[in-house]
Every structure is written in C-alpha cells, then in structure tokens.
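Some notes on the structure that comes next.
The values are calculated or read from the model by the stated rules, or taken from the named source; none is laboratory data. Because the structure is a prediction, the values reported are computed rather than measured. With ideal geometry, Cβ positions are generated from the backbone for all residues, glycine too; neighbour counts draw on all protein chains shown.
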Amino acid sequence: MDNNYSIALYVRLSSEDVDLNENGKEESNSVKNQKDLLNNFVKTKSEFDGAAIHTMVDDGFSGTNFQRPAITELLELTRQNEINCIIVKDFSRFGRNYLEVSDYVDQIFPFMGVRFISVNDNYDSANMNGKTSGLEVAFKNIIYSYYSKDLSKKVKSAKLTKALKGDYLSPYAPFGYEKAQGNKNQLIVEPLSAEIVKRIFSMACEGISATEIAKILNIEQVEERSVYKNKVGIHYPWHTINETAKWQNNIICSILRDERYLGKVVYGKRYRPEVGNKMTKKKSKSEWVVVENRHEPLVSFETFEKAQSVMKKYAEKEFEGRKIYLFTGKLKCGVCGHALRRRSKNCAMYYCFSTSVDESSKCMREPIAEADIAETVLQAIQLYIMIFIEKEQLRKKSKESNQILKLEKQIAVYEGAVLKCKNQKMDCYDKYANEEITKQQYILQCEKIHVRQKQFQQLINTLTEKIIGEKKLKAERKVLPQDNLLREYLEVDTLTREMVLTFVDSIYVCADNSIHIQWRFDEFRNTQFF
C-alpha cells in the first residue's frame, strides 16, 4: 500500500465504563488513555510520518451495535476514500458484535483498500497478505460479544448495589436539583428551579388545579422546565428543545407525583429486556428501589400528601360519569396534537385545552360543534366508499390474474443477474491472482461489475416493495366491511359510533376549524382538508 496515509484513530467508551465522567470532565480518563495509546503507536511507525490524523470519539456509546455518531461518520469517510487506515486500541473498541466486526475486517475494509490495525490485539491487516483475520481474531470477537452480555449483567448488579445504598444513578437531576460537584451520585438543591417546584406544590395545596397552575406560570412567563434546563446547559440527547415550550397540566402533574422531592432516591422504574436494544419497558411500582433521606427534600411529607389528595379530587371530578361519545378518542387539535375536549351545556362542542393554559397558543380559539364534525365526516366516509367500490369493480374486471406472480418472476431474473455479477467478480479476482491482469485493471473491472450489480439489486428492491404493497392491499381489503354493508352506509343520514370506529383513525381540527381525517384503511388515505 502506498505511504500517503489518511488515518482515523477511533476511540470508544461505553456508557457502562465505570469512570465515565467521574470527575465531571468533558471527556473521561479512559478516552484520554485510548487517545494517548493510539497517538504513541502512530509516532513509533515511520511509515505514518506526515500522515493526516483524524481522531474520532464515541464517548458513552455501547459497542453492541454500530448506531454511533463517530463510527457512522468514519464509515462514510472510508466510502468516500478520505480514510485509508483505521487504528483502534482493540477489536472491542470498534465493536462487540463479532459477526459485524468480522464482516468489516475480513471483507469490507480489504475490498475498499482500508488498512485496519488493532494495537493491543497485535493485528495489522497489512500483514495478512489477502488472508482473512483467522480463527484467533474470530474467537476474540466472539469473546468480546459474550463479554458485552456478561458485562451488562455485572453493571446492572453493580448499579443495583449502589442504588440500594441510596446513590443517585439517573443521568439527569430532576427539575429543582442539580448534581453535586465531584459526586455525580448526590443531588443538591438548585435554588432557582427549586423555588418553582415549591410554588407548584404550594398552589396545589391551596386547591388550585394543575391546569390553573400551568396557566398561571405561562401568564407570568416562567420558563418551562425543559427550556430552563437547556438554558443552564443541560441537554437531553433524546429531546428536541422547543424554545417556546409552555407549561402543560401533565407536566405539573408529573412534578406533583415525583417522590424525589421528598428526599428519596428512586431507581429501576424501567428496564432494558435485551443487551444493545435501546427499547425499555416499565416495571411495576413494587419492583422499584426507593431509599429515603438521601438529599434535601423540597417539600414536606404533609405537603406532598395534600397535593396528591387535591390531584385525586380533580381527577375524580374530571372522570365522574364519563361516557363514550360519538368521537371519543378520535378528535385531536391540528396545531398542538392534543386531544380535543367536549362540553355540552346547550349543544355538544369541542375545544382545544391548550388555549386554557397558554393565552399565546395558536390553536383553535372558537369551539366547533359536534354536529358540524359529524356532517363532514359522514360526507367524507360516503364519498370514499363510492370511490372504493368503483376501484374494486375496476380491479375485478382487470385481465391481470396474478400481479404478484409476475413481479416474482421478474425478481428471479434480476437475482440471476446479481449472481452472474458475483461470479464475474470471482473470475476477475482469479485473473488478478494469476497475474493475467494488473491491480488497476482488477479494481476498474470490479467497479464496473459492482455498478451493474447495484442496479440489478435496486430493481429487485423496487419490485419487492411492490409485492409488499400488493400483499398489504390484499390483506387490508379482507379487513374492510363487505360490499353490501358498504352500500348500506351510503344510505344512512346520521353518523354512528360504529362507522367512526370502522373507518376513522384520527380527526384533526385546525385553527380555522378545517378538518383533516386519517383513515384506518389504505384505500381511504391521502384525504384533503374539508
């Protein structure tokens, strides 16, 4: 390989590493140690003199998958031929999924002409002479994969031990607190936000509802908790901050229910069922770990309990005698997305609750009558029933007896073409190995074959999507009511709850009281505003 290297030093520290941000530093010592190791390694190799060095860090990311910002950028740079050498501390830093790591090391990087070095594993692809990484490397990668699962169990056990001692383990402090300098497992009061929390509890104890509390805070232009945290430099990676976010009654309720304001540490509300999977599930309250008197409480037990009783009273009042109406669970605001609320003094009307807590809200200002919505929805249902019946009649008259079979035959042809391309690549490699063609000719021919193979694969993907679409339409047609029932719906004069449940997924009412309907069936999709 030519000595004009562009090197990527890849560093990864898992969120499960014990010294992650222990001292509140921007990067942990483990990241620094990896950087030092890799930089010192490069300095010892004269072949890397004058090489462009790029240091890429994934700090706090698991190696069980490749969904990491720096690794994504690194792989993209290799595809663009901007990186031709990757150096890591060991294979586990690159990844812990042995199948994916082996694919990159044995197939993808050699084909792209990228040199891969694992310092502590004493592995350098430049010394492999076209061979695969071998049984030893494969075995190490398997060990790393199993180690990741074992590590996860040990980390969970270690965290549980710390939680039982009362250490605060959540990545972020609750509104009203901050983490102590030099001890990330200890909460201390954050004075400004703590006063807001105390005031919320105080208003609740005075009998003020969560809705009214939110409205008062918005009128006084008190910054909503996520906006406040963003302002003081606390950013949630999963949460996009809306600088105009307002207090809502659900936010007030979540604060009033939070036992951490009593000085308790609460751990284990959710769990991750599978290593490497970011999805979490709720645990029952009986499984939570709760340790009392771990930090300064913001409210007394009496205040907390009184707030709970006030919330319970309003909840009972709200749900007392609740009935199922024509549009229950279907109507939403087209601006904020919240469910519309119903009131029926003289006639049934729907309105957006956001305007009750935020006077600057752009949601619908005037309520809309249930009768007007019902008339519009009935007309829309009958219109689309007529369209659907016409389409079905045309479909039945169609001479194409089996569209899916035709598509599958076309796919088989293109799959044969893809296989042919793969064989051509093997033939090219044999010619190159037998010195019948030069390396440059080999690369050029492979690129041409790869372009053709990619085109055939794209055609296969397109046809496969068509088959999926055909099967989905066929399945959904079975779910739709029979034609005779559909025709009966064309004759009705009044919308029923049954019709709403049968056809409608959601109904959005916008600020100008225009209506947008989301249907349950693909045949009814792509509606316009009425």
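Here are some notes:
- Test set (1) buried (at least 19 other Cβ atoms within 10 Å of the Cβ); (2) among the polar types (S, T, N, Q); (3) at pLDDT 80 or above; (4) more than 12 Å from residue 87 (Cα to Cα) - residue 4 fails condition number: (1)
- One residue stands out in segment 76-92 among those that are out of contact with any helix residue (DSSP H, G or I) (no Cβ under 7 Å at 6 or more places or on another chain) and charged (D, E, K, R): the one that is farthest from residue 106 (Cα to Cα), namely 82.
- Residue in segment 241-249 that is assigned to a helix (DSSP H, G or I) and either more than 23 Å from the chain's Cα centre (by Cα) or modelled with pLDDT under 90 (or both) present: yes
- Residue list for segment 99-116, filter: assigned to a strand (DSSP E or B) and either in contact (Cβ under 8 Å) with a residue 60 or more places away in the chain or farther than 16 Å from residue 5 by Cβ (or both): 115
- When residues of segment 273-296 are limited to those that are modelled with pLDDT of 65 or more and acidic (Asp, Glu), the one nearest to residue 14 (Cα to Cα): 287
- Scanning segment 181-190 for residues that are part of a strand (DSSP E or B) and under 17 Å from residue 261 (Cβ atoms) returns 186, 187, 188, 189.
- Scanning segment 79-93 for residues that are modelled with pLDDT under 90 and under 13 Å from residue 10 (Cα atoms) gives 90, 91, 92, 93.
- Some residue of segment 124-137 being part of a helix (DSSP H, G or I), within 17 Å of residue 7 (Cα to Cα), touching a strand residue (DSSP E or B) at 6+ places or on another chain (Cβ under 8 Å) and modelled with pLDDT of 85 or more: yes
For every residue, the table says whether it meets (1) closer than 25 Å to residue 381 by Cβ; (2) at pLDDT 75 or above.
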site	(1), (2)
451	no, yes
457	no, yes
466	no, yes
471	no, no
474	yes, no
477	yes, no
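- Among the residues listed as 119, 197, 189, the single one being at pLDDT 65 or above, touching a Leu at 6+ places or on another chain (Cβ under 8 Å) and within 30 Å of residue 443 (Cα to Cα): 119
- Among the residues of segment 35-68, those that are touching a strand residue (DSSP E or B) at 6+ places or on another chain (Cβ under 7 Å) and either assigned to a strand (DSSP E or B) or at pLDDT below 90 (or both) comprise 52, 53, 54, 55, 56, 57, 58, 59, 60, 61, 63, 68.
- Odd one out for residue 456, checked against (1) over 17 Å from residue 110 (Cα atoms); (2) in contact with a Cys (Cβ under 8 Å, 6 or more places away or on another chain); (3) free of Cβ contacts under 8 Å to residues at least 24 places away in the same chain: (3)
- Residue identified as assigned by TED's automatic domain parsing to the domain that holds residue 253, in a helix (DSSP H, G or I), among the polar types (S, T, N, Q) and within 17 Å of residue 227 (Cβ to Cβ) among 202, 193: 193
- Residues being buried (at least 17 other Cβ atoms within 10 Å of the Cβ) and at pLDDT 85 or above - total across segment 312-334: 7
- Enumeration of residues in segment 334-355 that are touching a strand residue (DSSP E or B) at 6+ places or on another chain (Cβ under 9 Å) and not aliphatic (A, V, I, L, M): 334, 337, 338, 341, 342, 343, 347, 350, 351, 352, 353, 354
- No other residue among 394, 407, 378 is assigned by TED's automatic domain parsing to the domain that holds residue 498, at pLDDT below 80, of a type outside the set (D, E, K, R) and outside any strand (DSSP E or B) apart from 394.
- Odd one out for residue 308, checked against (1) exposed (fewer than 14 other Cβ atoms within 10 Å of the Cβ); (2) in a loop (DSSP other than H, G, I, E, B); (3) modelled with pLDDT of 75 or more: (2)
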